Structure formats: structure tokens, C-alpha cells
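The values are calculated or read from the model by the stated rules, or taken from the named source; none is laboratory data. Here the structure is a predicted model, which means the values were calculated and not measured. Cβ sites come from the backbone with ideal geometry, for glycine too, and all protein chains shown count toward neighbours. Each accessible area value is taken on the protein alone, full model and side chains, heavy atoms only, with ligands, DNA and RNA left out. Shrake-Rupley method; radii C 1.70, N 1.55, O 1.52, S 1.80 Å.
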Amino acid sequence: MRTETPQPIRLTDYRPPAYLIDEVHLTFDLAPNTTRVTARLSIRRNGDHAEPLVLNGERLKPISVAVDGRELGAAEHSVDAEFLTVPNVPAAFTLTTEVEIDPEANKALDGLYMSGGRFCTQCEAEGFRKITWFADRPDVLSRFTVRIEAPKTYQRLLSNGNLMESGDLPGGKRYAAWNDPFPKPCYLFALVAGELDELSDSLVTMSGRTVDLKIYVDPGMAGRATYAMDALKRSMKWDEEAFGREYDLDLFMIVAVRDFNFGAMENKGLNIFNSSLLLADPATATDFDYERIESVVAHEYFHNWTGDRITCRDWFQLCLKEGLTVFRDQSFSADMRGEAVQRIKDVKALRARQFSEDQGPLAHPVRPSSYLKIDNFYTATIYEKGAEVIRMLKTLIGPEKFREGMDLYFDRWDGHATTVEEFIRCFADVTGEDLSDFFAWYEQAGTPKVSLVQSYDAEARTLTLEFSQEIDPTSGQPTKRPLPTPVRIGLLDGEGRTLAFERDGQAVDETVVVLDQAKAKVVLTGVDSAPVVSALRGFSAPVTLTTDSPSKDRYVQLAGDPDLFNRWESGQDLARDLILGRAAGKPDEVGEERYAHAVARALADQAADPAFKALLLALPSESDLVLARQPADPAAIHAAREALRQRLALHLEDDLKRLHIGLQQIGDFSPDAASAGRRALRNASLDLLAANPRSDVVELADGHYRAALNMTDAMGGLNALMQIGGEAYEAALADFYDRWKTEPLVIDKWFALQARAPDEGVLGRVLGLTAHPAFDQKNPNRLRALVSTFASGNPSRFHDPSGAGYRFLADQILAVDGFNPMTAARMVEPLGGWRRYSPELGALMKQQLQRIAETQGLSKNVYELVAKALGE
Ligand code: TRP
Ligand code: ZN
């Protein structure tokens, strides 16, 4: 164990900054190992007291420090591993500092670093302090001007804002000067320098201004940025229409880099993207890639208002920008691709990532109250649950009041750093409602468990709904209070037709019940026949709902609930019960047949969208099922799920084969949602057929792979072959590698696919792949493709009873922590849920966590998560 325990940062300790920095002028003299950074800061005291000036700075080699042009002597300032301190400064002054940094040696990918021979930056959350001394906190907003000087080989020199001038310098160098007129916190600073190709376009905004749009990518790749450009233009128009928000600079740039710790970053006017979320063409990207590119381009663009123009007072307010921006990008995607299908995908992701976080030792509120490393809080809870909270708010107050509140928020807080309280206050102000109970959604961790008991009185024509709500204790929060939870409800008759009813004397088809107590009783009147209750429509709250509905009601819903989310959900519920029953040694063969029959009927529905049918065909994932019953037995769940898949495959064989033929691509590839939906259904059909791999299916999968005209279908074929295994799989793998070995993003897919294989030998294969010449621990995309896909995407093999899967993951975490703590920490999660498994598995998982915790020189990032996972 570490000798000194790092001290947490607490929300209650927030103090306004002692000094403000109005103007920042930076000069970069770029060189891979010796970059000079000169900073000239206009600083003034913020308050009455003369306090020492303390600025953050890490891994900086000090050259000089001057106040108002006078260089400070050794007695007048001090520098340690984290801070520059100047004890005596005037009330207002100019601080000029000079430091040297080594971007080439920076493998943490935080601050200024090199990727593929280019300079690039990542400053959120606390990377700017690795570039120069500064008040590295989001509530210090400054106007930046930046001058970049570099050898001419670094052809493009980019930073935030507008380009002021550029030109040649003596000694084979060039320079560029940038000015960003909008005050911003330093985490939004960005710089990129190097050889890049440009894709250029423009857009006329709602007020008639022309904005230049530029996407910079690896030389030769500009053609692969056209989809991202299209998505950007659609996002810009959408934000004008849906939120009245217009872009504010004359130039908007995006740069793609290959080495990046996360997905993308919203730096003002200069977004930086992981190339996996930007580059696409039909040959190398799947429909899933296209979908993600569209939503991440939108997400980062939307941050211009929710994040950049209005930012966070401190990092505890992270959800203020992230939850809200995810909500905005989800709404955009719903408009682009269809509401129901988008909602189902978003909820699947929420359950897979956020619900599991909430049920383990890493559970935390949407707005946490303490942390060691803020990097660890870029979680599914902050992002995805943060978005759910805003969706509930909109449901509770209605779309008009929601828009009014947003308008007020933009108006009131533009140009400032603020808090979640102030955000919610805007909605309280426009509605006149007291939203203080609602605020508990931000402060309380854990997924509420809502149960519903229904009783119908035929004579009185009433339906009584009795709800109760409960939240399990989470670490640091032993008792919980009830949360105001909107439950959207409709009724169906026995035939699946909408059954109207009365609520408060009004005839309605649907209503929203708001649970604001631990127990609630609601009586619906005018109910003409015994109803099927369709509750929590559209997943109106991030809770787990259990009802006393018999399974026959679920079949009615699966056949025709007009709420497509619940139509899908009822199929998932039926499948989950069947799989868990079988895993517990109680197979229900009659039920399984009935389920297969119902899925066949749903598939035959000509009116349904193919993308929706593809979702219907997929059984709940193993990770989803592992959460449903504890202690979890991943091997038994895998076997039971496979058994149901086989039965479905047998029952649906003819339908699936027909779909496979009927949905073949005609004409050219198009990434649009309808075409993607047809490909999704065709590949889902093949995937299911592969559960029952007779020789004709092997041939079908092999033919599918070989005939593929795009990456979606190539991966669909390879995936089916992977499940089957054997010679055809090995041959296709080799063929795929050979064909794509010069395309890093495609080779990431090749690694990831192998990590998901169900066979016993998969860990051996994964270990072998870590020695493959194309494996690179220092590249987060490659690392995650192999290691995290195995640990999170292959539960039955990761949880091998020998503990070898756990040992492998711990080895990788320790190795990566040596140079990239942010990414190492993000690999800890699969070990965190050890209490959910059998005592034998749990002990082996815990053993690896302890081994990590006892390692000398562990980063704060990994230490924090491992200590929490162990419950210390
Ligand atoms: N703010 C970024 C986003 O929404 C994500 C981000 C946070 C990030 N920290 C990062 C990206 C570090 C890269 C590296 O989407
Ligand atoms: Zn974001």
C-alpha cells in the first residue's frame, strides 16, 4: 500500500479564485523534445486580501519568472512538483514565465504531446498545467492569444479562435498567431501542429453569417471526413432550430488524431477527435461507426454553448456540461434516426454502463461531492445518467417550459462559469415550481427500484396502481430519500389495442404519474376492460421497474404496444426471465417455444422498421444478465443464453434465411438510417443463424464475409464465423488482416473481434495477440480494442474460474499505469464489481485488486478506483 494516502478534494471546500487572469498571451517554440512556452498573463486580485499567488504547474522545466518585466530571484518565488508560488505580488500585474517541456516523452496523452509526428493537446480536465503555470480551474476565464513558431515541416499551425496572421521566419521556421475573443477556461485551450490534409466547407448561420468549416486529417484521408462534415452541418442547423443557438466565431475546425484518451474534445473553435470517431468511408467503417461519428460530432459542437460559452464553476459541476450535452446529442440523433430506435440504443448503453456502475463500489451521484482525480469522474453516471435527469426534467415540466428555461439559462449565464443549482434555478424561475426535491437526483447515487402492483375493478371500471420506490445504500450514502420519478403509462386491451381511460376526469390515452413518495397509489377511472399496463413508456425514468403483470401481458405488448420502447422491452423481459430460469436450473421449454413464436410474429410485421426488428432479434447481453441476478454466474448465463439463441435460430431458420436474402444490398452504399437498418437486420439474422452452425450456415457466413461490399457486412460475416470458430474463421481472419493491415482503425476491429470469441482458448489467443507486432499498449484505441473488449465484452471468459482473466487485466493495468494513468484507470471497472459474483470468483477478483493496490508508485488515478473497489 502507498505510504501517504492522497487527500480528496471536496465540493464543500470550494473557494472563489484569489486571482483572476483576464488576458493570456502564449508563445510556443515547438520542438519534439524541447518546446519553449512563454506565457504573459494579466492578473488581478479577486477580493480584498493580498494573498500569495499560487499557480498550478507539473512536469515543467522552469526557465524564468518575472513580475511586471522584472525577473524574480530565488528568494522571491518557489517551484515544486505541483505549484509556482510568488508570495508578494501587487493587486494587478503582468506575470511572464518561461518553461520547457518534452512533448515527445509524454505518453500520458495529457497536456502537449505528439501523435503520429504531430503536436496536439488535451487539457481537460487538468492538462493545461503540464503546458505552463496557470490557475488551472474552470472558473478562471481568460482571453487567449497564441503565437506558434515551428520548423516549416509542421505545415499547419492551429489554435483556438480566428487566425490573425501567419508567415515565414528565419531559420526554416514559420509562425501563426491566433486570437480567441471569447473568454474561456484553460481546459478549452488547444494547439495542433503538423502535416494534415484539409477538408473545407462553409455554412450560413441563422443570422446570415458565413462560417468556414475545416476538418484536418492524416494526409490522403480527406475523403474520409466528408461524413463528419455533413454531420457537423446538420448539427449546426439543428442547434439553431431546436435551441435557438447559433455558432459564434468565423471559423470552426476539427482535427483527428490517432492517439487520444477519450472520444473527442470540445476545445473552443478547435475540436480534437479520436480518429476512430471522425474518419469513415463504406470500405473501412461500419454503420455503428457512422452513427457514433454523427453523435460525437454533434456532442462536441453542442458544447460550444453548453460547456464553452457557459462553463462549470468547478469540476463537481461536470454534469452541468456533460449530462446536458449528452441529452442534446441524444435528441439530435433521435431526430436524425428515429426516436424509438435511438431511445432503445441509449437505454441499452445506460443499463450496460451506468446501472452496473451504480450497483458497485464505484457508485456516485450525478454530482459527486469528493474526488482524488477528476479524470476518474468522466463516467457513465455523469454523462448518461446526467442526460436522463434532464430528460426527466423535460417530461415533468413539458417541452415549452423546458425550452423557456434553457433560453433563460443561456441568457443569464452566457460568458460565465456556473453550477447545477443555478441551472435548475432557471427552470424553477420559468415554472414557478419548487424543484428542490428534484435536485436530489443530482445528489443521490444508486438506481431506484420501483415496483408496481395493479388491480382492476370491473364493476367500478377502475384500475388501481400501487407503486413503491426503494434505493439501496451506496458507499457513503446509507439512507436514501424518495426521488420524484415520472412514470409514463398507457393501457392496452387484451387484443393489444389502445385502451382509453380517465385521469382527473379527462379522457386520455396516456398519462405521466409522478412518484414523489416512497409509496404512491393512483386510481385510473373509466377503464372499460381488464387492461394490460404499459408502464415506464419510453423509459421515462432511469429506474428498474418490476411489475406483477403476468407474462401473457408481455406477449400482448410484444405483439403490438404502440410505445415501441415498451414493445422491445417486453421481449427483453421475457427473454431475460427465460435465460435466468434456465441458468438457475429451471428451463422452461414451453415458454421458450412461445417466445420464439412471438418473435417470429413480430419479425413478420411489415409495418415495423428493420432497425427496430434488428433490436428485437437481439437477446439481452451477457453483461446485462449478469446484473439481473446475484451472485452472478457468467458461465451459466452464457450457456443458458446460447440455448435460447439456438432455439430461436431453429424456430426462425426459414424467416432468417429469407431476410438474409431479401435484404441484400441493391445499388450503392448509403450510410443513411434506413439503409443502415436493413443491414442491421440482415446481419442480426446471420448472427442468430450462427447459433446453430450446420454446414450450410458456415457456408452462408463465409459467403457473407467474402461477398461484403462494405465494412458493416464484412464485420457481420466475420462475427458469425468467429462464433462458429474453426477453419473458415481462421482463414477469414488471416484474409482480413492481410487486406487491412495498413488501416489502423480496421485493425482495431480485428483485435476486438478476436477478444469476443466464445471458445475456451480465447484468453490464450488474447495473450498471444499482446505479442503481435501490431499490438501497441501506448495507443489507447488498440489497447482497448484487445484488453477492454475482452474484460468487458466477454464476461463468461473473463470470469474464468482459474482467475487467469483477472490476472491478465491486472497485468495490463499495471503496465499501462506506468505511462498513461488516465487510460489505466479506465480499465479497472471490470474488476470493481467483485461483490456481485460467487465467493470464489469474488475472492480471485479481489486478489488482483489487492495486488494492484500494493504496487509501489501507483498513480493517483488507479489508486483511487482500486481503493474504492476494495471498499477502503
Ligand atoms: N469533454 C470531453 C467530451 O465530452 C471529454 C473529455 C474529458 C476528454 N476529458 C478528456 C477527452 C480527456 C479526451 C481526453 O466529450
Ligand atoms: Zn462532452
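Inspection of segment 753-760 identifies at least one residue that is assigned to a helix (DSSP H, G or I), under 30 Å from LYS846 (Cβ atoms) and either in contact with a helix residue (DSSP H, G or I) (Cβ under 7 Å, 6 or more places away or on another chain) or open to solvent by 10 Å² or more (accessible area, probe 1.4 Å) (or both). Could you list all residues from segment 560-596 that are touching a helix residue (DSSP H, G or I) at 6+ places or on another chain (Cβ under 9 Å), of a type in the set (A, V, I, L, M, F, W, C) and free of Cβ contacts under 8 Å to residues at least 60 places away in the same chain? Answer for segment 560-596, where residues must be touching a helix residue (DSSP H, G or I) at 6+ places or on another chain (Cβ under 9 Å), of a type in the set (A, V, I, L, M, F, W, C) and free of Cβ contacts under 8 Å to residues at least 60 places away in the same chain: LEU574, ALA583, ALA584, ALA596. From the list ASP139, ASP110, the one residue that fits, being under 25 Å from the mean Cα position of the chain (by Cα) and either within 16 Å of ligand 2 (Cβ to nearest atom) or surrounded by fewer than 23 Cβ atoms within 10 Å (Cβ to Cβ) (or both), is ASP139.
Scanning segment 379-389 turns up no residue that is part of a loop (DSSP other than H, G, I, E, B), more than 30 Å from SER570 (Cα to Cα) and within 16 Å of ligand 2 (Cβ to nearest atom). Just one residue in the set ALA639, ALA611, ALA674 is crowded, with 16+ Cβ neighbours inside 10 Å and part of a helix (DSSP H, G or I); that residue is ALA611. If you go through segment 449-471 and keep only what is open to solvent by 20 Å² or more (accessible area, probe 1.4 Å) and either modelled with pLDDT under 95 or out of contact with any Lys or Arg (no Cβ under 8 Å at 6 or more places or on another chain) (or both), you end up with LYS449, SER451, VAL453, GLN454, SER455, TYR456, ASP457, ALA458, GLU459, ALA460, ARG461, THR462. Restricting attention to segment 773-789, does a residue exist that is over 23 Å from SER115 (Cα atoms) and of a type outside the set (S, T, N, Q)? No, because not a single residue in segment 773-789 is over 23 Å from SER115 (Cα atoms) and of a type outside the set (S, T, N, Q). Among the residues making up segment 96-133, a single one is acidic (Asp, Glu) and part of a helix (DSSP H, G or I): GLU104.
Of all residues in segment 257-294, count the ones that are within 16 Å of ligand 1 (Cβ to nearest atom), farther than 18 Å from ASN781 by Cβ and either open to solvent by 10 Å² or more (accessible area, probe 1.4 Å) or hydrophobic (A, V, I, L, M, F, W, C) (or both). Here the count works out to 1.
Consider VAL366 carefully, then state whether it is over 30 Å from LEU163 (Cα atoms), open to solvent by less than 10 Å² (accessible area, probe 1.4 Å) and either at pLDDT below 95 or more than 11 Å from ligand 2 (Cβ to nearest atom) (or both). Spelling it out, VAL366 is indeed over 30 Å from LEU163 (Cα atoms), open to solvent by less than 10 Å² (accessible area, probe 1.4 Å) and either at pLDDT below 95 or more than 11 Å from ligand 2 (Cβ to nearest atom) (or both).
Inside segment 820-855, can you point out the residues that are open to solvent by 10 Å² or more (accessible area, probe 1.4 Å) and either within 17 Å of LEU786 (Cβ to Cβ) or of a type in the set (Asp, Glu) (or both)?
ARG826, GLU829, PRO830, GLU840, GLU854
In a residue-by-residue description of segment 802-818, the property of being in contact (Cβ under 8 Å) with a residue 60 or more places away in the chain and open to solvent by less than 10 Å² (accessible area, probe 1.4 Å) applies to no position. In summary, ALA349 fulfils each of the numbered conditions (1) open to solvent by 20 Å² or more (accessible area, probe 1.4 Å); (2) assigned to a helix (DSSP H, G or I); (3) more than 16 Å from ligand 1 (Cβ to nearest atom) with the single exception of condition (3). When ARG313, ARG328, ARG309, ARG292 are checked against the criterion of being within 12 Å of ligand 2 (Cβ to nearest atom), modelled with pLDDT of 95 or more and basic (Lys, Arg), a single residue qualifies: ARG328. Would you pick out the residues in segment 309-339 that are open to solvent by 10 Å² or more (accessible area, probe 1.4 Å), over 30 Å from LEU564 (Cα atoms) and not in a helix (DSSP H, G or I)? Matches in segment 309-339: ARG309, ARG313, ASP314.
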